[in-house]
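The values are calculated or read from the model by the stated rules, or taken from the named source; none is laboratory data. Since the structure is predicted, the reported quantities are computational estimates derived from the model, not experimental observations. Backbone-built Cβ (ideal geometry, glycine too); neighbour counts: all protein chains shown. With ligands, DNA and RNA removed, areas are computed over all heavy atoms of the protein, side chains included. Shrake-Rupley method; radii C 1.70, N 1.55, O 1.52, S 1.80 Å.
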Amino acid sequence: MTGLITLELAVLRRDPRAFGSLIALGVLILVAFTAHASSNFQSDRAKAQVAAAERARWVGQGEKDPHSAAHYSIFAFKPSPVLAPLDPGAEPFVGQSVWLEAHHQNDMLNRPQQNASLLQRAAFASPAGLLTSFAPLVVFLLGFTLVAQDRERGGLRLALGAAIHPARLVAARATATWIAASLTLVAPAALAAGAWAIVQGRLDLDIAARLLAWSAAMAAYLAVAAVCAVTICLRAANARLALAALFGAWIAFALAAPRLIDGAVEAWRPLPSSQSVKQQIARDAPAFWSDEQNARNRIALMARYGVKRYEDIPNARMAELDLMERHSHQVFDRVLGGFYAKVADQDRLFSALSAGSPAAGAQVLSAAAVGSDFSHHRHFIDQAERYRRDLVNAMNADGMAHRAQGTERHLNDETLWSSIPPFAYSAPRLDRAAGTAWPALAALFAWLLAAIFALRLTARKLKP
């Protein structure tokens, strides 16, 4: 079997069209990886510099009221996933920083696509995008060369006549096609990503597991394409029909099906507009309450402190602000949390519908493996929000711990500001963040089994 595979690989290497196409796409994938890695490096360096300046601004804000300090607040920046050059996923379309201030869970700002050049906006390509969209076309060309073209020349009939087990010959050609594609298209990109992680000093067990998962998903996707290519070529009556069928199959499952699935998800799981979400938050968590609600809050605060007069609360203004802050937390969890849950529902449905296209499944698995899908972005949002709440609560707690009546204000200084640790984001481990990707993994595995089953059925009917 090994000798057969080696022979088929040598045939592929001698064909200038097939081998040249393979090398060209491999080079293009590496160029795309380098471009994304360079862009992420510059972006992360700028984020680190601004984050350091933000920390200095926070600590050096001078003496002031702690709640005013909570409004003065600070920006939090999202570092790029170290493997994002393989698949930017949702990263170009989601914000990279957020303003953490009292009373508000603000939107993420600075989406990379907002600052993209005309060329970047017109041709946004990544290694994963090139693999899922164009690798099947090249793999089909390899399969066409080994099977349909060889049969047209009479070579396949001679090989089948000399073979004791024709199925082994067919399996060898499918395996050779898969090995050639994987070694040229997946392996170099994975090695480049591993080297990139080492250079950045961010290679650990989780990154290694993610890189292995990404490589396995892409290799499985190419295996589906390779087996389908050989099966289609064997079943087609002649080379011309085989070429037409391969081209149609590429359009169907690599280009058309993912877009149809995306349209179905949008139709079945529509999202509310961002404006309606903001309006609901403004209605349910206003920055200032009405006189009637303020009166009810005063009664609640007097009961909490066990006093009969509002003036006997040590720092009534700060206690009211703290009450308002904690009320807004519940609103944010309900409204924004509900919105994010709907986005996650969309992702789960897309992942489940990837049973209709191996390309869609590969897209889901790729972004989940490198950490650039929405679930990872949501993890950053949640960590930033927990930091904001801890910061604001600490400021309010300091105010409530000091007596201040009427227009009096308790002031604090760098001692309190520097007690707040800098924001530091830590991404989730792969096994804790890939929940929406399991249906896609099952779908891609099912595609591979179905393709192998179809090839075995076809091989049984072969006659020299």
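When the Cα positions of 367, 423, 264 are compared along the charge dipole of the chain, 264 comes out farthest toward the positive end, with charges on each C-beta of Lys, Arg, Asp and Glu. Spin-label pair residue 195-residue 106: with each label point 7 Å from Cα along the Cα-Cβ axis, the two points sit 4.0 nm from one another. With bins 5 Å wide beginning at 0, the percent of Cα pairs of the range 268-399 falling in each bin runs 2, 8, 14, 15, 15, 12, 10, 8, 6, 5, 4, 2, 1, 0.
Taking K and R as +1 and D and E as -1, what net charge do the other residues with C-beta under 14 Å from the C-beta of residue 209 add up to?
+1
Expressed as a whole percent, the accessible surface of the chain that belongs to carbon and sulfur atoms is 62, based on a 1.4 Å probe. Taken about its Cα centre, the chain carries a charge dipole of about 2080 debye when Lys and Arg each add +1 at the Cβ and Asp and Glu each add -1 at the Cβ. Evaluating 6.51 cos²θ - 1.76 cosθ + 1.60 at θ = phi - 60° for every residue in the range 77-82, the Karplus couplings come out as 10, 8, x, 5, x, 4 Hz, glycine and proline recorded as x.
Ranking of 423, 140 by solvent-accessible surface, largest first: 423, 140 (1.4 Å probe, protein heavy atoms only, all chains present).
Compared with the rule-of-thumb size 2.2 N^0.38 Å for a compact globular protein, the range 11-58 has a Cα radius of gyration ratio of 2.12. To the nearest 10, the accessible area of residue 378 is 60 Å² with a 1.4 Å probe.
Taking the C-alpha atoms only, the angle from helix 166-181 to the longest principal axis of the chain is near 40 degrees. Coupling constants for the range 247-259 follow from the phi torsions by the Karplus curve (6.51 cos²θ - 1.76 cosθ + 1.60, θ = phi - 60°), and in residue order they are 5, x, 5, 5, 4, 5, 9, 9, 10, 6, 4, x, 6 Hz; glycine and proline get x.
Solvent-accessible surface of protein heavy atoms, probed at 1.4 angstrom with all chains present, puts 266, 101, 63 in the order 63, 266, 101, largest first. All Cα-Cα separations within the range 1-131 were binned at 10 Å from zero, giving a P(r) of 10, 28, 23, 17, 11, 6, 4, 2, each value a whole percent of the pairs. Working note: Cα atoms of the range 311-378, range along each principal axis, descending, whole Å: 68, 20, 8. Sorting 205, 301, 183 by accessible area puts them as 205, 183, 301; the probe is 1.4 Å, largest comes first, and only protein heavy atoms count. Computed with a 1.4 Å probe over protein heavy atoms only, the accessible area of residue 1 comes to about 80 Å².
Semi-axes of the equivalent ellipsoid of the range 164-247: what are they in whole Å, largest first, if each equals the square root of 5 times a C-alpha gyration tensor eigenvalue?
Numbers: eigenvalues 246, 34, 17 Å².
The equivalent ellipsoid of the range 164-247 has semi-axes of 35, 13, 9 Å.
Under 5 Å between amide hydrogens, built in the peptide plane, is the criterion, and for residue 101 it picks out 106 among residues at least 5 positions away or on other chains. One quarter of the convex hull surface built on the alpha carbon atoms of the range 21-86 amounts to 5.2 nm², the projected area averaged over directions.
Angle between the Cα long axis of helix 374-400 and the longest principal axis of the chain, 0 to 90 degrees, nearest 10? Taking Cα atoms only, the helix is inclined about 10 degrees. Under 5 Å between amide hydrogens, built in the peptide plane, is the criterion, and for residue 86 it picks out nothing among residues at least 5 positions away or on other chains.
Across q = 0.11, 0.12, 0.22 Å⁻¹, the range 357-464 modelled as identical point scatterers on its alpha-carbon atoms has Debye log10 I(q)/I(0) values of -0.62, -0.67, -1.12, in the order of the q list. Along each principal axis, taking the top coordinate minus the bottom one, the Cα set of the range 212-328 gives 94, 33, 15 Å in descending order. Average accessible surface for the range 143-259: 43 Å² per residue, computed with a 1.4 Å probe over protein heavy atoms with every protein chain in place. Derived scalar couplings between HN and Hα for the range 333-343 equal 4, 6, 7, 5, x, x, 5, 5, 5, 5, 5 Hz in order, rounded to whole Hz, by the Karplus curve 6.51 cos²θ - 1.76 cosθ + 1.60 (θ = phi - 60°), x for Gly and Pro. Modelled label positions at residue 6 and residue 290, each set 7 Å beyond Cα in the direction of Cβ, lie 8.5 nm from each other. Shown here are the Rg and Dmax of the Cα trace of the chain, at 29.1, 102 Å. Counting only protein heavy atoms and using a 1.4 Å probe, the accessible area of residue 410 comes to about 30 Å².
Taking the longest Cα principal axis of the chain as reference, the axis of helix 438-460 is set at about 10 degrees. Relative to a virtual label point 7 Å from the Cα of residue 90 in the Cα→beta-carbon direction, which members of the range 433-458 show backbone nitrogen distances below 14 Å? It comes to 433-437, nothing else.
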